[in-house]
Amino acid sequence: QVQLVESGGGLVQPGGSLRLSCAASGRDFSNYVMGWYRQVPGKQRELVTIISSGGTTNYADSVKGRFTISRDNAKNTVYLQMNSLKPEDTAVYYCYAIALGMNHWGKGTLVTVSS
C-alpha cells in the first residue's frame, strides 16, 4: 500500500500563488506515475495534472500556463505550483499515484481562492 500525504493548502487571494506538496511512501517512488486531481462539492473529481516516471507532464486546459507539476524522487515528493489563482480553482486537491499496479489517493487538501 502506498500512502500519500498532501500539504500546502489554504486561503489565497485571486491572482496569488500556492504550492502543494505530496509525500509518498514506498521505495519505488521514481517509477510511480503521480498526479493531482481536484473536486468541488457536488461535482466530479477532475484531473488537474499528471507526471510520468520519466517526467512527461500533462495539464487540464483550465490550468495550462498557470500550474506546474514537478517531482523530487530523492524526497519521494511531488509538487504542484499554482500561480495566478482564480476563484474557480477553489476545490479540494487530491494527490494521486499509480503504483504497484493500483491507484492510490491522498486525503486531500483544501484550496480556497477568495478575496
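The values are calculated or read from the model by the stated rules, or taken from the named source; none is laboratory data. Keep in mind it's a predicted model, so treat the numbers as computed, not measured. Here the Cβ positions follow ideal geometry from the backbone for every residue, glycine too, while neighbour counts run over all protein chains shown. The protein model used for the area step is the full one, side chains on, heavy atoms only, and it has no ligands, DNA or RNA in it. Shrake-Rupley method; radii C 1.70, N 1.55, O 1.52, S 1.80 Å.
Calculate the length of the line joining the C-alpha centroid of the stretch 62-92 to that of the stretch 3-55, in whole Å.
So the separation of the two Cα centres works out to 7 Å.
What three numbers, in Å, describe the spread of the alpha carbons of the chain along their principal axes, ordered from the longest?
Sorted largest first, the three principal extents are 42, 27, 22 Å.
Over the chain, with the other protein chains present, what is the accessible area per residue in square angstrom, probe 1.4 angstrom?
Spelled out: the 1.4 Å probe surface of the chain, per residue, equals 54 Å².
Given a 1.4 Å probe and every protein chain left where it sits, what share in percent of the accessible area of the chain is carbon and sulfur? Walk me through the numbers before you get to the answer.
Details: 2930 of 6180 Å².
Looking at the chain in its full context, I get 47 percent from C and S.
Mind ordering 23-29, 95-101, 42-48 by average Cβ neighbours within 10 Å, highest first?
My ranking of the peptides, most packed first, is 95-101, 23-29, 42-48.
For LYS64, go through the lysines and keep the ones whose alpha-carbon is under 18 Å away, minus same-chain ones fewer than eight residues off.
Counting by Cα, and skipping residues close in sequence, LYS64 has these lysines nearby: LYS86.
Net charge within 12 Å of SER21 by Cβ-Cβ distance, Lys/Arg positive one each and Asp/Glu negative one each, not counting SER21 itself?
After counting each charged neighbour, the total is +1.
Counting Lys and Arg as +1 and Asp and Glu as -1, each charge on the Cβ, what is the dipole of the chain about the Cα centre in debye, to the nearest 20?
About 60 debye.
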